[in-house]
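Comments concern the structure below.
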């Protein structure tokens with residue numbers, strides 16, 4: 001699409017769009033409206049029912065549904081009902097989360113100006129912005145929202161705030177002049193205006209060049225619709241685990257069933273029920289509930305720390321993050337210009353050291369050569385001008401209102417982009433004298449100054465002073481400060497029509513100010529902590545390269561001035577996607593970038609299998625927020641568009657909150673991993689016990705026994721492990737990244753050896769009961785042996801839950817009982833298990849007998865063996 005309208009003259013732009021200075025005729029407008037309306041549209045969204053059905057595509061959910069049907073077939077209706085409830089609640093929660101995430105385009109639409117002033121048939125009319133057509137002539141003034149993409153035909157001191165689109169922290173000056181340099185970035189196209197940006201100063205006449213989905217904002221809307229959200233690391237890990245479990249469960253169930261039939265261990269129906277029970281035992285049906293509950297609790301904890309989670313998996317994804325790509329304006333910085341440096345009396349000093357008073361001519365020029373307005377609701381006007389007054393308002397440095405009442409503006413010369421100056425003519429009510437107060441670009445103001453004020457005395461502005469001022473200006477500019485110069489002179493009378501050539505000449509130079517959108521005070525420490533945690537912070541901004549570099553250095557994102565680590569949008573345009581992918585890790589700062597650049601950068605990092613978090617607050621950030629593995633929006637300064645595209649919203653716009661959220665995400669993952677290790681090792685112990693009993697020709701645990709153990713030991717302890725407190729050193733570890741899963745870092749090996757250990761110990765107790773019986777009756781011996789195996793398998797799992805409180809740490813610490821929910825879960829599960837043995841009425845239902853205390857000693861002895869062996873293995877792991 002042709003985007004080079006800034007290279008055309010005013011005459012050629014009118015010709016190109018077949019329009020004229022008096023506007024289109026109504027006939028032509030009607031004809032062009034048939035080509036489309038000036039509105040943003042989105043692709044059709046899925047219905048709630050479609051979202052609900054989509055929740056059942058997950059492999060683990062399918063396995064659970066099969067398990068529920070099998071349980072019902074086996075006569076365990078209660079187990080089946082519990083599984084169904086877990087699945088349905090999980091689906092409802094998923095739909096609820098997704099339903100809130102599809103409002104990005106609607107938010108874009110709300111930003112559009114409802115009406116516009118246009119010229120049609122030579123008359124100024126107010127029309128609905130949705131009815132604008134290409135070629136319409138629109139009239140703009142301060143306070144207006146630009147209703148479409150436009151090319152300016154006439155401008156008067158025009159400034160437009162484009163931060164939401166370009167990331168530029170300062171309102172940009174606009175011109176109607178033809179630009180000559182090709183391949184300019186969006187923020188440099190000074191004669192173009194873009195839909196949904198705001199006019200902060202001046203007036204303009206412009207021709208509409210793009211409407212609706214063809215505008216820059218429309219392109220962002222299309223990008224939002226095209227972005228396909230990637231599966232989160234958590235979802236990938238669960239899918240991987242589900243596939244692995246499915247294969248193993250099916251193979252084991254078929255082998256057990258076939259072997260039992262061939263060896264005549266039991267009838268066809270009994271072996272079928274045994275195989276089904278084994279399959280149910282092997283499936284961690286509590287896993288979706290555990291994951292959901294753990295994520296939900298993590299969400300609550302994060303919300304208390306100002307991180308609002310819109311999509312549950314985002315909690316865990318943030319814990320896996322390796323790259324944090326942050327927007328600058330409003331995220332790393334405060335999104336408000338602040339005076340940082342003063343140059344007066346030949347000295348450069350920090351803002352806090354400047355002692356401007358009501359009789360200081362620099363103070364006069366800053367406050368009165370200024371169009372910002374102080375109202376009951378605060379300051380309004382251009383951000384640069386409001387910053388100048390805000391300096392004096394903060395900490396009550398000066399009574400601004402009193403000064404404005406004393407020095408009354410009687411005439412003014414508005415800012416003009418060609419002369420780069422603005423002046424106010426004021427009268428001092430105390431003395432009756434008149435003064436011209438001027439501010440503007442240092443080089444331009446120096447051309448018009450003949451004298452300089454030093455310590456209240458006026459001297460000739462000789463070459464030495466001029467060079468000193470220019471050097472100070474250059475030094476401030478190198479720090480990415482926006483520099484303004486100030487001057488004044490006394491005049492005898494007020495001119496009827498002030499002229500720049502007379503009023504803005506023979507001035508007395510009085511000083512410079514350096515301003516910047518400063519970094520947030522807490523961000524530097526947050527960047528340092530991110531680096532310590534193995535994260536790489538990046539800055540991606542639409543602002544100037546010099547400004548971005550200066551802020552990055554101040555924050556520690558750049559360690560030293562190295563131009564090779566900073567790249568601009570224009571340079572990105574010269575690179576193919578493959579070239580960017582190869583070089584992306586060379587850059588830490590991306591300046592002057594457009595929305596499509598941000599998406600390319602995120603994808604380039606993702607091509608290296610990096611988990612990317614993207615922060616932002618503007619419309620221009622929305623596509624990248626959706627593309628990133630985790631989108632982090634700003635709650636205060638963020639647009640509704642960016643919030644709706646994000647996975648997590650920072651209620652305090654505090655970059656440091658991201659690090660807090662990363663910590664919470666890592667804790668969530670660690671707890672889910674603990675629960676999985678517990679569940680799978682316990683289930684493996686059950687599978688091994690049944691398998692070996694079948695192969696050895698021993699009596700097999702009844703289906704009801706397996707299902708009850710599975711129910712009471714899997715559910716409560718596993719959920720309680722999901723709310724374990726954070727282990728020490730969590731943020732000293734490197735991010736785990738995408739190449740790991742729940743079975744990585746020794747967890748898979750732990751599951752295998754711990755599951756084998758549980759099975760071996762259970763079989764050992766069974767063998768002991770057969771060979772060293774408590775009774776002499778053969779039937780009673782076998783009944784006791786099965787009961788002891790049943791009790792051992794259940795108790796081992798509950799004791800093993802303590803082992804899983806830390807994957808490698810010892811359980812013999814003060815923290816062993818620090819989780820009340822866990823302690824309660826273990827006690828409840830143990831009671832439910834033991835009641836089936838202690839209560840005679842339940843013995844027949846569960847095919848168990850009452851055990852003597854000596855038999856319980858053997859059962860508990862097996863549990864002690866489990867703890868000792870696991871502790872020895874953990875000690876070896878810690879040494880390695």
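Just so you know, all these numbers are worked out from the coordinates, no wet-lab data involved. Treat the numbers as computed from the prediction; the structure is a model and nothing was measured. Reconstructed Cβ throughout: ideal geometry from the backbone, glycine too, with neighbour counts over all protein chains shown.
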**Item:** Over the stretch 338-516, relative contact order from alpha-carbon pairs under 8 Å, at least 6 apart, %
**Value:** 26
**Complete:** Between residue 699 and residue 835, the two model label points (7 Å from Cα along the beta-carbon direction) sit apart by a distance in nm of 2.5
**Prompt:** Hey, what angle do you get for helix 268-282 against the long axis of the chain, alpha-carbon based, 0 to 90 degrees rounded to 10?
**Reply:** 40
**Message:** Restricting to DSSP H runs of at least four residues, report the calculated mean residue ellipticity at 222 nm for the chain, -39500 (n - 2.57) per run over all residues, nearest 500 deg cm²/dmol.
**Reply:** -15500 deg cm²/dmol
**Asked** If you rank 399, 517 by fewest surrounding Cβ atoms within 10 Å, what's the result?
**Response** 399, 517
**Message:** If packing is taken as the average count of other Cβ atoms within 10 Å, what order do 293-299, 785-791 fall into, highest mean first?
**Reply:** 785-791, 293-299
**Prompt:** Within the stretch 338-516, what percent of beta bridges assigned by DSSP are antiparallel, to the nearest 5?
**Reply:** 95
**Item:** Packing-based order for 648-657, 822-831, 145-154, 671-680, using average beta carbon neighbours within 10 Å, highest first
**Value:** 671-680, 145-154, 648-657, 822-831
**Prompt:** Going by how many other beta carbons lie within 10 Å of each one, how would you line up 731, 263, fewest first?
**Reply:** 263, 731
**Request:** Return one quarter of the surface area of the convex hull spanned by the alpha-carbon atoms of the stretch 338-516, equal to its mean projected area, in nm².
**Result:** 9.9
**Message:** For Cα pairs less than 8 Å apart in space and 6+ apart in sequence, what is the mean separation divided by the residue count of the stretch 606-689, i.e. the relative contact order in percent?
**Reply:** 19
**Complete:** Cα-only Rg/Rh for the stretch 283-396 with Kirkwood Rh rounds to 1.29
**Message:** Based only on other Cβ atoms within 10 Å, what is the fewest-to-most ordering of 118, 864, 127?
**Reply:** 864, 127, 118
**Prompt:** What is the distance in Å between the Cα centres of the stretch 204-219 and the stretch 828-876?
**Reply:** 74
**Asked** What are the semi-axes of the equivalent ellipsoid for the stretch 677-810, taken as the square roots of 5 times the Cα gyration tensor eigenvalues, largest first, in whole Å?
**Response** 34, 14, 12
**Message:** Taking every DSSP beta bridge with both residues inside the chain, roughly what % is antiparallel (nearest 5)?
**Reply:** 75
**Message:** So for the chain, averaging the separation of alpha carbon pairs under 8 Å that are six or more residues apart and normalising by length, what relative contact order in percent results?
**Reply:** 13
**Request:** Measure nothing but the geometry: give the 0 to 90° angle between the long axis through the Cα atoms of 233-262 and the longest principal axis through the Cα atoms of the chain, rounded to 10°.
**Result:** 20
**Message:** Report the Rg/Rh value for the stretch 751-823, based on alpha-carbon coordinates and the Kirkwood definition of Rh.
**Reply:** 1.13
**Asked** Cα convex hull of the stretch 425-516: how many Å³ per residue?
**Response** 114
**Prompt:** Against the longest principal axis of the chain, how steep is helix 703-721, in degrees 0 to 90 to the nearest 10, with axes from Cα atoms?
**Reply:** 30
**Message:** Considering only C-alpha atoms, what is the centroid distance from the stretch 661-678 to the stretch 515-541, in Å?
**Reply:** 26
**Prompt:** How would you rank 590-598, 440-448, 211-219, highest first, on the average number of other Cβ atoms within 10 Å across their residues?
**Reply:** 590-598, 211-219, 440-448
**Request:** Using Cα Rg over 2.2 N^0.38 Å as the read-out, say which of (1) 0.99; (2) 1.38; (3) 1.25 was calculated from these coordinates.
**Result:** (3)
